[in-house]
Amino acid sequence: MSDEFGEAALKNILVFYEGKRSELIPILQEAQGIHGWLPGKTMQLIADFLHINEGEVHSVASFYNQFRLMPLGRKMVTVCRGTACHIRGAPQILEDIGQSLRLKEGETSPDLEYTLESVACIGCCALAPVVKVNHKIHGEMTRERAVTLFPKLSE
């Protein structure tokens with residue numbers, strides 16, 4: 001296996017564990033740190049280490065939203081859907097950004113440039129509605145301003 005899957009890094013993580021089923025979530029958390037997501041090969045190696053079925057590993061990883069089963073884009077676009085943002089137009093802003101990026105919520109662009117997501121609250125209610133791109137907060141967002149944050153993608 002080539003180390004593009006981070007096999008050496010995963011082995012460095014696993015030496016701190018005993019191979020017990022109860023260690024699955026902590027191992028998944030650390031393994032995700034290698035790539036920022038959990039490739040199938042990584043989950044297979046974890047299953048082998050814990051002597052459990054790969055389907056069980058996948059089941060746990062897909063249940064918790066802290067785990068990513070697909071790679072993330074270089075630009076994480078997060079739209080707040082909290083009450084203040086919702087009242088001030090966040091659903092329409094999310095829709096407009098999605099159309100501009102040609103993504104649905106939870107998707108990553110094929111070129112891995114963008115991932116579009118929403119969260120229950122970013123915690124900047126006084127700036128509602130809020131869009132966050134990576135770590136930069138864009139407050140008092142409008143539908144018109146939202147689409148100018150991203151270049152139009154060619155058809």
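The values are calculated or read from the model by the stated rules, or taken from the named source; none is laboratory data. Keep in mind it's a predicted model, so treat the numbers as computed, not measured. Cβ: placed from backbone, ideal geometry, glycine included. Neighbour counts: every protein chain shown.
The residues on offer are 123, 106, and the sole one that is within 24 Å of residue 64 (Cα to Cα) and under 16 Å from the mean Cα position of the chain (by Cα) is 106.
Within the stretch 116-148, restricting attention to residues that are in a strand (DSSP E or B) and not hydrophobic (A, V, I, L, M, F, W, C), the residue that is surrounded by the fewest Cβ atoms within 10 Å (Cβ to Cβ) is 136.
Considering each residue of the stretch 87-96 in turn, at least one proves to be on the phi < 0 side of the Ramachandran plot, without any contact (Cβ under 8 Å) to a residue 12 or more places away in the chain and out of contact with any Lys or Arg (no Cβ under 8 Å at 6 or more places or on another chain). Scanning the stretch 72-95 for residues that are modelled with pLDDT under 95 and over 19 Å from the mean Cα position of the chain (by Cα) yields a total of 0. Residue 17 meets all of the listed conditions (1) surrounded by 13 or more Cβ atoms within 10 Å (Cβ to Cβ); (2) modelled with pLDDT under 95; (3) of a type outside the set (D, E, K, R); (4) more than 30 Å from residue 148 (Cα to Cα) but one, namely (2). Going by the structure shown, is residue 142 in contact (Cβ under 8 Å) with a residue 12 or more places away in the chain, under 30 Å from residue 9 (Cα atoms) and not assigned by TED's automatic domain parsing to the domain that holds residue 12? In short, no. Checked against (1) among the β-branched types (Val, Ile, Thr); (2) under 22 Å from residue 35 (Cα atoms); (3) not assigned by TED's automatic domain parsing to the domain that holds residue 40, residue 97 passes all but a single condition, namely (2).
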